[in-house]
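Novice: The structure under discussion is supplied below as structure tokens; questions concerning it will follow.
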Amino acid sequence: MEKAETLIVLPADHELAGRQCIICGEELKANDEVVVCPRCKSPHHADCWREAAGCGKHGCPTVAVAVKKHETGARGDAHLLRRTPREKALIALGIVLVLGLLAFAMRPGPDPAAGRTAIGIMVPGGMYETNYYEPFIDEFNNSQSELYLSFSVTPSIAYQQKLVVLLGARDAPDIFSLAEEQYAMFAESKGILDLTPYLEAEPELAARFFPDGMEQYRVDGGIYGVPHPRRRNEIFTIWSLSSNPDIAWDILAMLLEKVSTDWPEELSSDVIFEPSQLPLPWGDE
């Protein structure tokens, strides 16, 4: 019959104080619960003895008799700090794997701009608008080494609601179009850029974009948008917080030139906008 082992609470002046647990390798300290193998006299933390169900010394056959593993209640956190080298290595490996998976899941997706300055464009529409704009956008992006157009067509039924959400998140596209009835409200709230300086600097563009004059588009003395060249019920604008307003203006002028020359017949009808019920998400700052 195996000799029963004895559990002791280690006094500070005990000869075992400062020695290492045969299983976890940690130092035995005052007030630790300690078990000494009755056969080979190897010292153990009591928790290590319980976890191993006996002596942890290689070749020693002693099994736990009196100080056995039990699950009668919480044992505090001390036992979590006492692990065998193998257990510690497995825990460390698990942590590394978890962190690696988190890093992989949270990594940013590939940057389509590939380091180029990106200009966002958003317009309402569907398949026909997508088919019209995309070849032009793709050709531009394939020919440019410094600029990239991030383009999206959003269904008109949800367009204005999505736009308001993006504006509120300070993540709006640089260029977007508005329903004619929304234009004055956006301009008065300073959510879109005053284009007057650009139009004054290029009077020939102003004459081409506003063949009937600018007065009906003037808000508080400024011109904040350019009407669709083919008289669709859209007004093209630039976000007031665009980080690249000068580039956005050049892109907008180029886009309007294209629309004025080859706008297809199937897109001649007006856009049916669903009015957004959300408040405008900016103040007067």
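The values are calculated or read from the model by the stated rules, or taken from the named source; none is laboratory data. Predicted model, so just to flag it, every value in this text is computed and none were measured. Counting neighbours? That spans all protein chains shown, and the Cβs are built from the backbone with ideal geometry, glycine included.
Novice: Can you work out which of the residues in region 41-83 that are of a type in the set (A, V, I, L, M, F, W, C) and over 17 Å from Ile8 (Cβ atoms) is modelled with the lowest pLDDT?
Specialist: The selected residue is Ala74.
Novice: While we're on this one: Out of region 10-27, which residues are over 25 Å from Gly59 (Cα atoms) and out of contact with any strand residue (DSSP E or B) (no Cβ under 9 Å at 6 or more places or on another chain)?
Specialist: Result: Pro11, Ala12, Asp13.
Novice: Name every residue in region 237-252 that is more than 16 Å from Leu167 (Cβ to Cβ) and out of contact with any helix residue (DSSP H, G or I) (no Cβ under 6 Å at 6 or more places or on another chain), in order of residue number.
Specialist: Asn244, Asp246, Ile247, Asp250, Ile251, Leu252
Novice: Does Ala179 qualify as being closer than 21 Å to Asn233 by Cα, buried (at least 21 other Cβ atoms within 10 Å of the Cβ), in contact (Cβ under 8 Å) with a residue 60 or more places away in the chain and over 20 Å from the mean Cα position of the chain (by Cα)?
Specialist: Considered against the rule, which asks whether it is closer than 21 Å to Asn233 by Cα, buried (at least 21 other Cβ atoms within 10 Å of the Cβ), in contact (Cβ under 8 Å) with a residue 60 or more places away in the chain and over 20 Å from the mean Cα position of the chain (by Cα), Ala179 comes out as yes.
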